[in-house]
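Structure, as structure tokens:
All of the numbers you see were taken from the coordinates with simple rules; none came from a lab. None of the values given here were measured: they were computed from a predicted structure. Using ideal geometry, Cβ is built from the backbone for each residue, glycine included, and neighbour counts are taken over all protein chains shown.
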Amino acid sequence: MLDILLPILIFAALALAAIGAVRRIRLWRQGRPSPVPVLRGLAAVPRRYLVDLHHVVARDKVMSNTHVATAGGFVAAMGLAIVVHGLGLAEGILGWLLLAASATMFAGSLFVARRRRDPPARLSKGPWMRLPKSLMAFSLGIFVVTLPAVGVLPAGFSQGLGSWLVALVLAGVVAWGLAELVFGMTWGGPMKHAFAGALHLAFHRRPERFSTKGGEGNRSTGLKALDLEDDQAPLGVETPSDFTWNQLLGFDACVQCGRCEAVCPAFAAGQPLNPKKLIQDMVVGMAGGSDAHYTGSPYPSPERGDRPVGEHHGTPHGPIVAPASTKDGKALVDAETLWSCTTCRACVEECPMMIEHVDAIVDMRRHLTLEEGATPGKGAEVIDNLIATDNPGGFDPGGRLNWAADLELPLMADVERAEVLLWLGDGVFDMRNQRTLRALVKVLRAAGVDFAVLGNEERDSGDVARRLGDEATFQSLARRNIATLAQYRFDCVVTCDPHSFHVLKNEYGAFYPEGQESDYPVWHHSTFINQLIEAGRLRLAPGQAARVTYHDPCYLGRYNGEYEAPRAVLQALGVELVEMQRSGYRSRCCGGGGGAPVTDIPGKQRIPDMRMGDVRETQAEQVVVGCPQCTAMFEGVVPPAGDEEVAVKDIAEMVAAALDTTPEAPPAPRDASTAQTTEEVMS
Amino acid sequence: MQPESAMTPGLEVTVLVSIGRHPLTGRARRADQDARGVELARSLADAQVRLLHAGERDESSEAALRGYLGMGFTELSLLEQPEGADVLPALAEALDATSPHLVITGERAERGEGSGLLPYLLAERLGWPLVSGLAAVESVEDGVATLLQALPRGQRRRLKVRLPVIVTVDDAAPAPRQSAYGPARRGAFEATAGPVSVDDEWAAWHVQPARQRPKRLKIVKAASARDRFKAAAAKAEGGGGQVLTDVTPTQGAEAIFTLLREEDVLR
């Protein structure tokens, strides 16, 4: 009886899965073309899954082991079941292996069930709640039907009185498991993540993210350039089908674990953004329909608590954001949702499916800004200022060095070559940041660094224009800055602004004229100061007794992986460093990135207030930062009544204050001083 | 010229747009007041808005004019004029030919002569009424426009004017919308050659950047916060001025001349 039913069930499930796969692939192919190496991509899947993806999943040990047992057990059990039950080859060890695999899977599914008993808010409910039952049905069903095949159960098992009934029940259980786990994979059930996820790993839009046998993958955090050559082409992403096909595939891979939601600063602040919901909305748009079936946390709404689901709907070729002309009109996503993002990349860092949320958000912003002219808040003004004055504040570009009138900074235009090109950034117009810059200059001079600045030749790096979606202004600024940089000779660029740092280091490369490329390293000042300390070029007075905490700027940490250097500098200063609960790659954004302060989408609370709350929890007297944006955001926070104000210090200010200037000895030859300071630092 | 029963649907609006100049960097841009004029036109229901520019066409002026196209237009009519030409006859002829119901323009240009006289000369030439300093167009019904004119200190005056009319806008008009890059670069210029009248006088002029004149300090002698507030909120008063009535033109001119001497405008 079962001998006849099982092969039918297995091959029917596989056939249905194949049909579903074709349908699913056709959904993805609605997107714009994006060439990928098909075979090489597919060949890379095991490594990308086992190394890179697992690296992210393993941050939660219990879930990671659960997934290994369940998914590993399933893959093995399914493969063996096809051989054992589908083809009837139960001889020897195969049947036993199948028993072991399905037992492992069952053990895993028990943990999945435990997880689902009182699930955290970030997990989606709905069909996901039945998943543990389906997993158990499959694993148990396969286990039991395999028992006679290996001869554990007496042969009479399938011949007795109730044999028909038992066989039917077993077949039903196995069919349920097969439905969820095999053709549910391609027809849109919870197991869709396995099918889409594997292909997403194969055809990822940023293959350089993944490690290879040769070494680590790079972070690949720079935004992709928008092609502005064709002046008739619509710009950015207006409809779901304007994404590239592998972006759509990426959205479809979402497993709705809500890790992104748990780390999203905008979501925590009650701004109308939930990265998970956004990705699910893109899936809804790709397939067509409404978001009524979404079962996770909705977008927060400052007025109503939550934005109800079911009000938004979309089609593959319909607009994602309702155009301004249709007032009160709702499409797939509200514009506010897209503008709430601070581009802090916390969601991308946490996503076990390697989905690129920030790319998608910026793609949609590009459409809103470049095609609709609908940058909210002060965004339009900032962009106009960047076009007219090359800085977002609309200040006179001839006054970039006014703050340094007494410092006599060497200009690149005069010296033409220097060891270090000091990129000042737009902080030159901000009185708070001018203090940081003065401190940095003091440190560089104390270390005897040969540096020069561009002065009035410098322009905004284009960071904020690009995150606001104005790719045209960004590219214009980038090309002009590149032309300026090309005139001078220097060994490296140092900047105290992580945003300029990221853009210069990771995003300018695409805009060099043909035949040229950037041939200089770019350093954040914390890295550079750390190099100076390690080389013994800075003499620091030991013994600063202060309890400080360090805030990792998103564009330095998550974007560029620099977590160590600032901490090493603080250690060299001898201060007591206490870490916030969320630091390093899990650092919470200050709310200053991605143009969020200028678009200013209302929420229940402000992101910098939350982060300063994190700082206060550590009972630190000072919070050390390495970014003008973070400084501005944190200094704008009013402490709760009765609380001491926490000082906000840039790392350059900390170092400048600790410089050892006591022995006013005549300038010794550098070698001698090097040896001396090395000792001091090491003691 | 216009039929009396010009109804709201099909209200034809022409906005005269010029090339602006950023006050700090001098870069060409959409002129602020003209952009406000375009915004005003876009806010009119059922209006067919046409953009008109008279002037020369080169790379920087084209970029500036595209700023207006980026406000949601597919084309801009361009009367090509050489540099230094008097655009008045060309504009008058073009407006006469297309006979719009409403012509909107800024108070004065940001470059060139910038005298602010063009709307007046145009109105005189066409024989149309002119309303300056508009804050809003409230409605257009039966060939009559209800306009809201901005007066100093936030005051508003409601006017009813029979179409066609030329109106000028200043900073009281709503701020212009963002210019979007995509539509701006896709927009087309519909260039026509208008009559050219060379402005000989202008050609003979020597143009140089204006010297910034020192601001007269407003000295407030106030002992209390209340006095300071009153002083800050007080109406600007002439104080030292004098009203001359029934004087001959010569006497008037002399009085003005004396004043300019006193103020160090003339030396």
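Given an 8 Å cut-off on Cα distances and at least 6 residues of separation, report the relative contact order of chain B as a percent.
22
Could you give the size of the charge dipole of chain A about its Cα centre, using +1 on the Cβ of each K and R and -1 on the Cβ of each D and E, expressed in debye and rounded to the nearest 20?
3040
Using a Förster radius of 30 Å, what is the FRET efficiency between B:Ser43 and B:Leu151 based on their Cβ-Cβ separation? Nearest 0.05, please.
With R0 = 30 Å, the Cβ-Cβ based efficiency is 0.90.
Please give the contour-minus-distance gain from A:Ser518 to A:His317: 0.36 nm per residue of separation, less the Cα-Cα distance, rounded to one decimal in nm.
68.4 nm
Near the amide H of A:Trp423, under 5 Å away, which other amide H atoms are found, from residues 5 or more places off or on another chain, if H is placed in the peptide plane?
A:Val494, A:Thr495
Around A:Cys260, under 11 Å between beta carbons, what's the net of Lys plus Arg minus Asp minus Glu among the other residues?
With Lys, Arg at +1 and Asp, Glu at -1, the neighbours total +2.
Nearest 0.05, what FRET efficiency do B:Gln251 and B:Asp227 give at R0 = 35 Å with Cβ-Cβ as r?
Here the calculated transfer efficiency is 0.30.
Taking 51 Å as R0, compute the FRET efficiency from the Cβ-Cβ separation of A:Arg116 and A:Asp660 and round it to 0.05.
Computed FRET efficiency for A:Arg116 and A:Asp660 comes out at 0.30.
Along segment B:136-141, what does the Karplus equation 6.51 cos²θ - 1.76 cosθ + 1.60 (θ = phi - 60°) give for ³J(HN,Hα), rounded to whole Hz, x for Gly and Pro?
The phi angles translate into 6, 9, 7, 7, 10, 9 Hz.
Taking only Cα atoms, what is the 0 to 90° angle, nearest 10, from helix A:670-682's long axis to the longest principal axis of chain A?
50
Calculate the length of the line joining the C-alpha centroid of segment A:195-271 to that of segment A:301-316, in whole Å.
Using only Cα atoms to place each centre, the spacing works out to 23 Å.
Nearest 10 degrees is fine. How inclined is helix A:192-202 to the longest principal axis of chain A, computing both from alpha carbons?
Tilt relative to chain A: about 50 degrees.
What Rg and what Dmax come out for the protein assembly as shown when only alpha-carbon atoms are used, in angstroms?
Reported Rg and Dmax, both Å: 34.8, 132.
Rank A:Ala405, A:Ser34, A:Phe395 by how far each Cα sits towards the positive end of the charge dipole of the protein assembly as shown (+1 on Lys, Arg Cβ; -1 on Asp, Glu Cβ) and give me just the farthest.
A:Ser34
Taking chain A as a whole, which cysteines find no other cysteine Cβ under 4.7 angstrom from their Cβ?
A:Cys254, A:Cys257, A:Cys264, A:Cys341, A:Cys351, A:Cys492, A:Cys496
Name the residues whose placed amide hydrogens come within less than 5 Å of the amide hydrogen of B:Gln149, ignoring near sequence neighbours (fewer than 5 apart) on the same chain.
Under 5 Å from the amide H of B:Gln149 lie the amide H atoms of B:Ala135, B:Arg157, B:Arg158, B:Leu159, each far enough along the sequence or on another chain.
Spin-label point model (7 Å from Cα, Cβ direction): what's the A:Tyr488 to A:Ala12 distance in nm?
With each label point 7 Å from Cα toward Cβ, the separation is 7.5 nm.
Of A:Phe143, A:Leu444, B:Pro249, which is farthest along the charge dipole of the protein assembly as shown in the positive direction, counting Lys and Arg as +1 and Asp and Glu as -1 at C-beta?
Of A:Phe143, A:Leu444, B:Pro249, it is A:Phe143.
Rounded, prolate or oblate: which fits segment A:217-257 when a ≥ b ≥ c are the square roots of the eigenvalues of the alpha-carbon gyration tensor, with rounded for a/c under 1.5 and prolate only if a/b beats b/c?
Taking the square roots of the gyration eigenvalues as a ≥ b ≥ c, segment A:217-257 is oblate.
Which number comes out as Rg/Rh for segment A:240-372 once both Rg and the Kirkwood Rh are worked out on C-alpha atoms?
A ratio of 0.92.
Tell me, what HN-Hα J-couplings in whole Hz come from the Karplus equation 6.51 cos²θ - 1.76 cosθ + 1.60 at θ = phi - 60° for each residue of segment A:236-242, using x for Gly and Pro?
For segment A:236-242, the Karplus curve yields x, 10, 9, 10, x, 6, 7 Hz.
Please give the calculated 222 nm ellipticity per residue for the protein assembly as shown, where each DSSP H segment of at least 4 residues contributes -39500 (n - 2.57) and the sum is spread over every residue; nearest 500 deg cm²/dmol?
-12000 deg cm²/dmol
Put +1 on the Cβ of every Lys and Arg and -1 on every Asp and Glu Cβ in chain B; which of B:Pro214, B:Ala54, B:Leu69 then has its Cα farthest towards the positive end of the dipole?
B:Pro214
Once both axes come from the Cα atoms, what is the angle between helix B:32-42 and the longest principal axis of chain B, in degrees from 0 to 90, rounded to 10?
50
Where both residues lie in segment B:11-204, what percent of DSSP beta bridges are antiparallel, nearest 5?
Roughly 40 percent of the DSSP beta bridges within segment B:11-204 come out antiparallel.
What's the ranking of A:253-261, A:596-604 by average number of surrounding C-beta atoms within 10 Å, highest first?
A:253-261, A:596-604
Starting from the Cα of A:Ala107, step 7 Å toward the Cβ, then list every residue of segment A:49-67 with an amide N under 13 Å from that point.
A:65-67
For the protein assembly as shown, what is the percent of antiparallel DSSP beta bridges, rounded to the nearest 5?
Roughly 30 percent of the DSSP beta bridges within the protein assembly as shown come out antiparallel.
In terms of modelled amide H atoms, which long-range or inter-chain residues lie less than 5 Å from the amide H of B:Gly116?
Correct list: B:Ala109.
So how strong a dipole does chain B carry about its Cα centre when Lys and Arg Cβ are +1 and Asp and Glu Cβ are -1, to the nearest 20 debye?
1800
Determine the shape class of segment B:160-214: with a ≥ b ≥ c the square roots of the Cα gyration tensor eigenvalues, call it rounded for a/c under 1.5, and otherwise prolate if a/b is greater than b/c, oblate otherwise.
Cα axes put segment B:160-214 in the rounded bin.
Give me the net charge of A:Gly425's neighbourhood, meaning all other residues with Cβ under 11 Å from the Cβ of A:Gly425; Lys, Arg count +1, Asp, Glu -1.
The answer is -4.
Can you give me the C-alpha center-to-center distance between segment B:188-208 and segment A:512-563, rounded to a whole angstrom?
56
Quick one: check the C-alpha center-to-center distance for segment A:87-152 versus segment B:124-180, whole angstrom.
The distance from the Cα centre of segment A:87-152 to that of segment B:124-180 comes to 76 Å.
Using θ = phi - 60° and the Karplus relation 6.51 cos²θ - 1.76 cosθ + 1.60, list the HN-Hα couplings for segment B:100-113 in order, rounded to whole Hz, with x at every Gly or Pro.
With the stated coefficients, segment B:100-113 comes to x, 7, 9, 10, 10, 8, x, 5, 8, 6, 8, 9, x, 5 Hz.
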